[in-house]
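Okay, structure first, notes after.
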Amino acid sequence: MVATLSDRPPLRLLGGALYLTEARNTGAAFSFAEGATVVFSLIAAVVVVVIVRAARRLFSTGWAVALGLVLGGAVGNLVDRVFRDPGFLRGGVVDFLSLFDPYGRVWPIFNVADSAIVCGGILGAVLAVRGIEFDGSRGRPDDSKHDSKDASEDDVPAVRPADD
């Protein structure tokens, strides 16, 4: 994208629904906190380490896909932050996808890594809400209903009289 789009006008695609345009983002999503590039670089590095360590416990295809998307996006953006100008851990992420406007006035300009992080996060949230664990099992049933009530006949095991 950098070699093709630098110093060129935005490329209009899909009847103006999508534009390819080069932009640099030294902040987080939506150019939030642009002066904190080093902080976001370190956060991305920590996210990568945490996901790689969690991968040993993954037996759920859904979680593997979700964390794989977040991992791929984090690594993609981290590579830009490490190797792009102005220097180590301070580089700007290359964003190049703009919806409905070539200059990000309708929706902020983003990249494939950003999309992967968002999609992975949404999938992870859906899996968590559905109670799917990393090992693929469903979450434990809610035991709180037994904590708040007194023992009833249903809770006491039946005792059979001994045969004589």
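The values are calculated or read from the model by the stated rules, or taken from the named source; none is laboratory data. Owing to the predicted nature of the structure, the values given are computational and were not obtained by experimental measurement. Side chains included, ligands, DNA and RNA excluded: accessible areas come from the protein's heavy atoms. Shrake-Rupley method; radii C 1.70, N 1.55, O 1.52, S 1.80 Å.
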If eta is 1.002 mPa s and T is 20 °C, what Stokes-Einstein diffusion coefficient results for region 1-123, Kirkwood Rh from Cα pairs, in µm²/s?
141
With a 1.4 Å probe and all protein chains left in place, how much of the accessible area of region 1-102 comes from carbon and sulfur atoms, in whole percent?
68
